[in-house]
Amino acid sequence: MNRLKQFITDFGWPRIIIALFLISLFFAAPFVDVRIDTSFSDLFNRFGMNAVLVLAMVPMVQSGCGLNFGLPLGVIAGLLGSTLSIEMGMTGTAGFAMAIAIACLFAMVLGYGYGKLLNRVKGDEMMIATYVGFSSVAFMSILWLLLPFKSPTMVWGFAGKGLRTTISLEGFWSHILNDFLAFRIGENFVFPTGMILFFAVICLLVWSFMHTKTGTALTAVGSNPEFARASGIDVNRMRTISVVFSTMLGAVGILVYQQSFGFIQLYNAPFYMAFPAVAAILLGGASVNKASMVNVIVGTLLFQGILTMTPSVINSVLKTDMSEVIRIIVSNGMILYALTRRTKVSK
Amino acid sequence: MLRKLFIRILLLGAVVAFSVFLFSSGKGHTLLLDNKTATMGGHEHAAVSAVTVTVDSLKPVKILPGERDLVVVKGVHHRITVSGAGVTVEKRFELPFEDMFLCSMPALLDGDDAWFEAKRPEAPKAADDSNKEEVPVAGEILPL
Amino acid sequence: MNQSKTTRFLINNAVTILFVILSIMSIPLSGYSLPYLFQEILTRLGRNMFLVLSLLIPIIAGMGLNFGIVLGAMAGQIGLILVSDWNILGMQGILLAAIIGTPISVFLGWICGSVMNRAKGREMVTSYILGFFIDGLYQLVVLYLMGSLIPVLNRALVLSRGYGIRNAVNLVGIRQVLDNLLPLQIAGVRIPLATYLVIAALCLFIVWFRKTKLGQDLRAVGQDMGTAEAAGIPVERTRIIAIIISTVLACYGQIIFLQNLGTLNTYNSHTQTGMFAIAALLIGGASVVKATIPNAFIGVILFHLLFIVSPMAGKELVGSAQIGEYFRQFISFGIIAVALVLHAWRRRNEAEQSRSLLRGGGARQEGQSRTAGIKED
Amino acid sequence: MNSRNPILQITNVGKEYYGNRVLKDISFDLYPGEILGLVGENGAGKSTLMNILFGMPVIADTGGYEGTISINGTAVRFRTPFDALDAGIGMVHQEFSLIPGFTTTENILLNSESQKKNILDEVFGPRMDILDRPDMRRRALEAIGKLGIQLDPEMCVSEMPVGHKQFTEIAREIIRKNMKILVLDEPTAVLTESEASILLDGLKKLAGEGIGIIFISHRLQEVLDLTDKVVVLRDGLIAHEAPTAGLTIREIARRMVGRGFDSKEAEVRPSRATDETVLEVENLWVDMPGETVRDVSFSVRRGEIFGIGGLAGQGKLGIPNGIMGLMSAGGSVHFRDRNGVRRTAILNDPRSALEQGMAFVSEDRRGVGLLLDEPVDWNIVFTSMQIQGRFLKPIFGGLIKWRDEGAIRKTAWEYIHSLEIKCTSERQPVIELSGGNQQKICLAKAFTMKPEIMFVSEPTRGIDIGAKRLVLDTLRQYNQDYGTTIIMVSSELEELRSICDRIAVIDEGCVAGILPPGTEASEFGLLMTGVTARKTTQQQGAEQ
């Protein structure tokens, strides 16, 4: 009984309620003619699309930089990667690989500056990250209009300059990961093997990094910066590394998202990319300064599960689409919960 | 302490009373001024020749036979002056809590007390909703 | 000495000066006539000033920029929706909307204050997220409950599916009633005198409020919570009161804002309220810890001047009005980011400065909380 | 004056923290107009006694206290500091609690401002009243006048010299009408000579008005000058209570620190100290908040256990923190490495200090010493891994340095066994362990570094008696086995005397003297209370 109580307090009521809610949705699904196999197919697809973006939270959380509300910065690097790769006329696997390479390059540069900035504003990271993310999105919007892109697939036809709001990846690398080794069970279930594998590889990468000397130092910085300093660690350097890493993951994450979605979304699209990712990792059990791979996987499954199931099931039950409102309440409620939760007494 | 509670309750009461006053005095009514042959309160009144109608201190409106005009007034107490067919009738009246009233000028001129009656506005036509504007995307950044 | 004073003035007001220069440069580019700009500024001053002023009190209380004023905006909108549903016209409508909005915003403000008390030190990000969260609840109420659970008489307000309020609510009954209550026109320029009087009254209220015991307590809490608590000031309660006042004022501010616009975008009007008000205040030279009425005044003028001219200036410069739009976005977000960064920087520098003052001086820390008691060594 | 009834009677007061007895059977009286000097070493129980008197919640939270406190003959038991304030006890803490942006007047009248009623009062309560500034100013001036000092009522606290801040705080306490007892905790520590004497005059004036004053200070001269009666606390007991007249500084100092010299300390133990100087510290200053080091020079021989003692706040803790680079520091530090080469230590860089073979067990165990949320093994090996590159497996020809979990576990278990660390496994988060076990992990962390010089700061703070003994024995043993130089900083003189070869006493940021452990206790007491060193310090202060 006591252990159960302890478990509940550790895990947190909101997570339990949301998990129970999701389970009940799955149980309710057959009764309202929602196909479970379609739902699962959908869920895996969404999981693969978003998981890397959620993973991009981990390094920064681990190093004590807080929740990465500056994810749009990584997204911008990703957008630059894919647009430049298209501009070069690359397609298929080569195009995708080139996009990743360019995106990582930009992410490194942006992440480095961003990390330096965050080092100077310790304690206020989250709010500043949010607005740095926002203003860079707005700034990029100006650049999307001004940059001399030429590729006819991307440029507004009538004006002859400025990028379109959405650019189709058809013929470039649409579904390149999704379809790799994908298999079908029954009529409605498709497993996006390639995308999940890709996520697994990235996960392994992050996990490995956390097991190196630098990764260990990073975790220590997040756990107790004073301890780390006393152990001769350059705290700021570790934080910068984590921010660069997070930004690179964000860049790769948006590329994975795009190839599954089939489109590149420019201009205002990256604005609210951070919030679902933040909510997902918190839902998975992470706190403001501790996160693991398990948190990422559980959180993304739960969060995307809610997003997949509520439109279909709730729609059938209530004859109305409340998924958007539920998404807003769940995601922001989760962030709020994490922010206001009195952290375990550590003094 | 009791005194403070008393004052607070009193003040709250005053606010509620004030709200009621605002509600009744600010309630908007649409008066459909009719100069048609109409049956009001069981009597039939034939349309009269052009009348000039003044409601409260609004601009006078001229209504030809068979025509209709509308004015928007607010509050409960109103005054209407109708001149036409050689007579001028001035009447003070009170409006109940309804949005729209059909006022028959002939009935008024005939001195019928039931010269106005509440009218439910028709439901907006389904055609209005052809644009599937609805269910907005929350949190979207507005074009500034 | 004089030199350094000037330099310090320039540094302290760098943001404001930058915007003045930016505005002066883009006014001729935009091609707008001065009387037109003047009229626009006067209108926008009346429209936005109240909202910006609602930010001041939490800043005094050391709670930073209150992104939670969107909560008040939502409360005001609920009042307006009900008033237009009941078809209450004119000043009565505005006053009634304010009366309806008051208890809602008090309640929301209380929630916001309590939540912020649980997240001391990160009030801003918390109130920011809380705004989104309450927005979700607001949508739940307005989009699903109104017309189903909450009766809506006027079917024209309701979506065709039978419940939920439409995207746009026409506030024709109260459109600019306050602005035109005391009509005044000087040299062809319309001045919303009544609105200005209301704003002036609010300024007086703020000035007066700072002189009250509560205002004094707020200042004390804002500077040092520990010491205030030790002196017996109910810190948490005081902070909640500050947020409630701010939220209620924001509710009125949003009503004034919308009566001027004349249409309510049910699901969008409030989302940007907090950000624009904050950006304007910051441009006026305010910081996270210090803001005055002149800051608000200058900020609204500069921010909106740039707002008016930047699309046209953008069009003239690069042939795309869209650029101006994005530029305005960039400015609003960027200014907040810059202000937050500057604040964080300054705070660190101050901490270091007070440390260096200690060096070789008294061997003890200042401003330490008294409640901590005496450490047992 | 003492013919009247006492305003404060403390009878048989005692207090235990988690089974740790810190106060026992304290009884004394305070009469109106009397100034009582309360002196004692750190940890003697002064602070606890004052916390009890002032109703600090920490007392109730840890199980309350024994005995009774009576004010004017009525027994009282305060739950919060506000109860104590209401009962007429004012307290001036060692740390300022002033609002920096407020003026003198505003601070003196904080939360007791004069108010003018207005109409909104009726609805929203008295907090809507306007402040009556002229009246506030009048009351503030009255309080300032009572103290007989000069203070500008409109000056902003942040612009004040420290002395004025102190006066403001005292004025705030005496503004209250029913103030009967005033407690001052080290009020002169930050004051200049002249400010201190003004303050003492002010206090005498207050006492003349019938207020009872408890004056806590380690400046024994002041205690002698000011007080009517002295109570000396030692180890939670009243060691001495006597009228001030007839007491000498030496007498008080002896009573403070001197317990009977028992034979245990006298036991001759083999010292590993050699003649080689391993560490030379010259003119070290360290900017550590609350523990400022001004000018410290000493040298340590290889293999020696060097003790650093002194009262809290005098700067002893700043020394290791400065040398290890945790706090900004200046001056010169030289050390001799294994091969006898003399090197200059780089200050302000923790990494270089660690690389040069120095290790540090911090006094702030939870804040600096441990990764509380991480497991035991990480805590033990982390520093060594990061500095010395141990516990790492190179992969891809050293391109990636992978954590060697096996080696980590092995080392962790070695220390868990040898130091008897009680934990469920090496993966248990440190936060779940007791203070004593946490301290052992800190030691294990330092031992893992195999240091040449080991700084140990307050190794026994906040742990129980049994663990204390074990920690000290471990240090001794380590020194005996490996000949490691240990520099131990502690507030507990007895502890230092029991294991150190030499003990330096720090007072006001300077070395007051270096004594062998066998020296008579009163000598240490005199050094700690700054009687011998004061003069030189003041001269230096004047030069600055």
Relative contact order [Cα under 8 Å, 6+ residues apart], chain C, whole percent: 29 percent
Long-range tail of P(r) for segment C:192-348 (Cα pairs > 27 Å, %): 36 percent
Equivalent ellipsoid, segment A:102-259 (semi-axes from 5 times Cα gyration tensor eigenvalues, Å): 35, 26, 11
Where only C-alpha atoms are counted, convex hull volume of the protein assembly as shown per residue in Å³: 232 Å³
Partners for residue A:5 among lysines (Cα-Cα distance below 24 Å; same-chain residues under 8 apart left out): A:290, A:344, A:347
Lysines with Cα under 23 Å of residue D:180, excluding same-chain neighbours fewer than 8 positions away: D:46, D:146, D:165, D:204, D:205, D:229
Contact order normalised by residue count of segment D:388-544, Cα under 8 Å, 6+ apart, percent: 12 percent
Nonlocal amide H pairs with residue C:263, under 5 Å, H built at 1.01 Å: C:171
Antiparallel content of DSSP bridges confined to segment B:27-121, in %, to 5: 85 percent
Compactness of segment B:27-121 - radius of gyration and Dmax, Cα, Å: 11.9, 34
³J(HN,Hα), Karplus 6.51/-1.76/1.60, whole Hz, each residue of segment A:49-60, x for Gly, Pro: 5, 9, 4, 5, 4, 5, 4, 5, 6, 4, x, 5
DSSP-defined antiparallel bridges as percent of all bridges, the protein assembly as shown, nearest 5: 70 percent
Amide H contacts under 5 Å for residue B:70, placed H, 5+ residues apart: B:33
Inter-probe distance in nm under a simple model that places probes 7 Å from Cα toward Cβ, at residue B:119 and residue C:29: 5.6 nm
Distance between modelled label sites at residue A:88 and residue C:148, nm, 7 Å Cα→Cβ extension: 5.2 nm
Hydrodynamic radius of chain A per Kirkwood, over alpha carbon pairs, in Å: 20.9 Å
Lys pairs, chain C - Cα-Cα below 25 angstrom, 8 or more residues apart or on other chains: 6
Vicinal HN-Hα couplings computed from phi for segment A:314-326 (Karplus, 6.51 cos²θ - 1.76 cosθ + 1.60; Hz; Gly/Pro x): 4, 4, 5, 6, 9, 6, 8, 9, 9, 4, 4, 5, 4
Pairs of Cα atoms farther than 23 Å apart, segment D:146-284, %: 53 percent
In Hz, Karplus ³J(HN,Hα) per residue of segment D:374-385 (6.51, -1.76, 1.60; θ = phi - 60°; x = Gly, Pro): 9, x, 4, 5, 4, 4, 6, 9, 3, 4, 5, 4
Cα-centre dipole for chain A with unit charges at Cβ (Lys and Arg positive, Asp and Glu negative), debye to 20: 1080 debye
Sorted largest first, extent of segment C:2-357 alpha carbons per principal axis (Å): 69, 55, 36
Relative contact order, percent, chain A [alpha-carbon distance under 8 Å, six or more residues apart]: 31 percent
Cα gyration tensor shape for segment C:126-228, rounded if a/c is under 1.5, else prolate or oblate: oblate
About the Cα centre, charge dipole magnitude for chain D (Lys/Arg +1, Asp/Glu -1 at Cβ), debye: 820 debye
D_trans [Stokes-Einstein, Kirkwood Rh over alpha-carbon pairs] for segment D:365-450, 20 °C, 1.002 mPa s, µm² s⁻¹: 165 µm²/s
Cβ-based charge dipole, chain A, positive-most Cα from A:280, A:228, A:202: A:228
Residues residue D:481 and residue D:428, FRET efficiency given R0 of 22 Å [Cβ-Cβ distance, rounded to 0.05]: 0.20
Longest to shortest principal axis, alpha-carbon extents of segment D:47-120, angstrom: 47, 30, 23
Long-range amide H partners of residue C:168 with built H, under 5 Å: C:266
Rounded to 10°, Cα long-axis angle of helix D:193-208 versus longest principal axis of chain D: 50 degrees
Kirkwood estimate for chain D, i.e. one over the average of 1/r between Cα atoms, Å: 25.7 Å
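Every number in this text was worked out from the coordinates using simple rules, so none of it is lab data. Nothing here was measured: the structure is a model prediction, and the numbers come from that model. As a convention, Cβ positions derive from the backbone with ideal geometry for all residues, glycine included, and neighbour counts pool all protein chains shown.
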